[in-house]
1. Sort W309, W168, W464 by heavy-atom solvent-accessible area, probe 1.4 angstrom, most to least.
2. Can you tell me how the range 332-392 classifies by the Cα gyration tensor, rounded, prolate or oblate, using a/c under 1.5 as the rounded cut?
3. Cα-based count: Lys pairs in the range 429-577 below 19 Å, eight or more positions apart or different chains?
4. Could you put E83, E760 in order of accessible surface area, largest first, with the 1.4 Å probe and the full protein assembly present?
5. Please work out how much length the chain gains when fully extended from S392 to I92, using 0.36 nm per residue of separation minus the C-alpha to C-alpha distance, in nm with one decimal.
6. So what is the relative contact order of the chain, in percent, for Cα pairs below 8 Å that sit 6 or more residues apart?
7. Name the long-range amide H neighbours of I668: under 5 Å, sequence gap of 5 or more, or other chain; modelled H, no Pro or chain starts.
8. Would you list which lysines come within 20 Å of K776, measuring only between C-alpha atoms, while excluding same-chain residues fewer than 8 positions from it?
Amino acid sequence: MRSGLRSHPVVWTAIALLLLTALWAALNSPVSLITQIAIYTLYGAGVNLLVGYTGLVPFGASVFFGCASYLAAFLISAHIGNEFSAIVLSIIFSMLLALAIGAVILRRRGLYFSLLTLAFSQIAFEIAYKWTSITGGENGMQGISRTVLVSDWTYHFFVVAVVLAGLWLLWRLAHAPFGRVLQAVRDNEQRARSIGYNVYVIRLGAMVLMAAAVGCAGALLTFQLQGVYADNLSWQHAGDSLLMTVLGGVHHFLGPLWGAIAFTLMQDRLSAITENWWLIFAPFLMAFALLSPEGVQGLAQRLRGRQRWTLTRNTIPPRPASIKPYESRAQAMDRDKPILSTRGLSKRFGSLVTASDIDLDFRPFVLHSLIGPNGAGKTTFFNMLAGVLPPSAGRIFFDGADITRLPIHARARRGISRSFQILSIFENLTVFENVRIAVQAQTIGARGLFRDAHENSAINDRTWSILDAVGIADKAADPAASLPHGAKRLLEIAVTLAVESKALLLDEPLAGLAEADRVIVAALIKKLSATHAVLLIEHDIDRVLAISDRISVLHQGRIIADGKPAEVAANPEVIAAYLGAKDDGERAAPPAIERKAYASAPVLLKASGLFAGYSGSTVLADIDMIVHEGEAVALLGRNGVGKTTTLSAITGRIPLSSGSVAFKGERIDGKRTFEINRLGVSLVPEGRRLFPNLTVLENLQLAVRPGGLGIEEVFELFPRLRARQKAKAENISGGERQMVAIARALVVPSKLILLDEPFEGLAPAVVNEVMEALTKLRGRVAMVIVEHHAETVLPIVDRAYVLVNGSIGFGGDAAQLEADHDLQKRLLGVVQAQETAAG
């Protein structure tokens, strides 16, 4: 055998079925059992088109299986054609039924989709079971004779041939443009939309094709049994095909074959022993699910030490001897006309305004950055531009056309592409396939059911050019999930480029990157601005001001500055937004405090050499931090530098890459979050995270433990909570919610309280109340207060740490930092970046 033929899954299916046939013939056993295995293999393979390839789990695919079975029986009973025509008509009917059902239920996802398929199957069962005059009811329809394939052996080999042909078509489909898109949708629906695919239509197409395979299997079973029964539609059997697929391995093309063999043979043998055979089979299934979640084939791979998904070939098109240089197809834009504009763009979530009357123009070949403090509305603005969120008011124009109401995929096809704040790639596809899928979206889309997508040389050449342009062509064959974080960022930019964009919307592309990777990615972004319109959101202000041509600043949903980097950096309103000047109402003077030297107090918390991040990214790099008993410490830094990540690392919400955290001399890194909390470390999270349907008092009572403050003590600290104690948390103000969140941390026996942005979004009067309460807590409990407005928090703390790009940029007395305004500006504001840009 040639290598390709030897590894072809259809060849292995043929070998397995023929060996089973020969074995049953040698045993002189009825071949009908092997016929049934073949039919169930096709049934499972059809279902796996949704589960393994598309990411949808149908609990009730039996509705297509059973209905096709009945149609075949009706046709033969009415003497319309023979078994061949009945099978063909059953397939067509099943596809039309899937088109109708899918058009309705695919508007829901996840569990809702699964339950809706089961509901349709149960409806069909009730009709078949109770419409006795037509369907035979409980007894079904019997005596459905085969007029051409009369003998069992003839019919058996016919079924094997049909199943092999069906599997061959499904294998071709998996490698065709449509099948490749299905796998992208499975991995990342949001990303698939953002590069131009209509996910709803693609899933509907997958459901119709699934129904074709399942309907064919249903009709084949009718002629094998020479009858049809309602049981195949009932909820007891609706999940049989799904069970077989999972048992064999949903991430393997041959999974349904191995699952059908195991399920059918075990059912046959065990049912001969006892009618309660499920009592034996169920523990076997549970053990298999726990020990080998990738099924029979996954177990075999594990024993061989070669684990990978086998839904498609593990190959990519050959690399050209010479890769064509990347050329942007957007260079024909008129640099004198805006490519993207907004007029009066606003967004409200109830009473919360996150964007207010924004007028901006983005021009070709300009790197236009959008900056602002946390909660300024930057990502909301991006999401409106990309089509993720509809605006509450205003209009968006792209290349002269109004696109305000266009969906995401339609905007992508016009030339708007975006990256995401959190990495958004197709993790289970190769690097090459990630980019090729995006290139395909702009050329043939998902058209093509049976031609090999990798045979399109024009798409392949364009893919290689883009990979080479971002510097990851050498990693083309690697799974995207295996890349380091910096390479994943480059891959995401490559996917964004592949959309043939005129405008690139890049949302924090430097987030979580090491310094070396930041230099590479920033240089690439600057290079791309020479051939595209680039709109950049980024928290690394130094780098933004160094590479940008123009900067707009958002604060509290409105534009407060727009112009060249040097102008923006010197703008007093921008400095106020970043450093916390009195720009949103007068605040009372900070409460007078007596700072104490806590260096002689016992060390309560010690973090040493912390490295941590998310999904392979490095957010924290070599963090050293000490908190003494009773001490108040501020943790400052621009947004995006790792302040919240530091709190998450201390409380065990994310694992450490390296380093240690000790509390009262005991190592707590590696402990679970609730264990750390019970030791005396409490977190007041950003966003409060109360139980909205419980009252203020009930939220506090849930947290009360011996050793913490009493409810009455908490009400003395926050008097307004006493009056609001019977109000539900969802009906109180943001300031009151913050008070409840702090109080909740106090009613447990906390030695250390970590407060994440406790003043964020609060009115000045409420900030004063919270500050006064925190001042009263000084000395009674140690506190770490995360805040990006230094002016607010420095007067009430003893020491301060400032994070700069994930590392400690300052650690010392709060009074020193409070008095040194130049140091504050250099570490927390925009002056350092301005000087860098000027230099």
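1. Result of the area sort, largest leading: W168, W309, W464.
2. It comes out prolate by the Cα gyration axes.
3. For the range 429-577, qualifying lysine pairs total 7.
4. Most to least solvent-accessible, the answer reads E760, E83.
5. Working it through step by step, the gained length comes to 103.5 nm.
6. So the answer I get is 11 percent.
7. Here V661, A662, F663 satisfy the definition.
8. Here the lysines satisfying the reach criterion relative to K776 are K596, K751.
The values are calculated or read from the model by the stated rules, or taken from the named source; none is laboratory data. In this text the structure is predicted, and so the values were computed from the model without any measurement. Ideal geometry is used to build each Cβ from the backbone, glycine not excepted, and the neighbour counts take in all protein chains shown. Just so you know, the surface numbers come from the protein's heavy atoms only, side chains and all, with ligands and any DNA or RNA stripped out. Shrake-Rupley method; radii C 1.70, N 1.55, O 1.52, S 1.80 Å.
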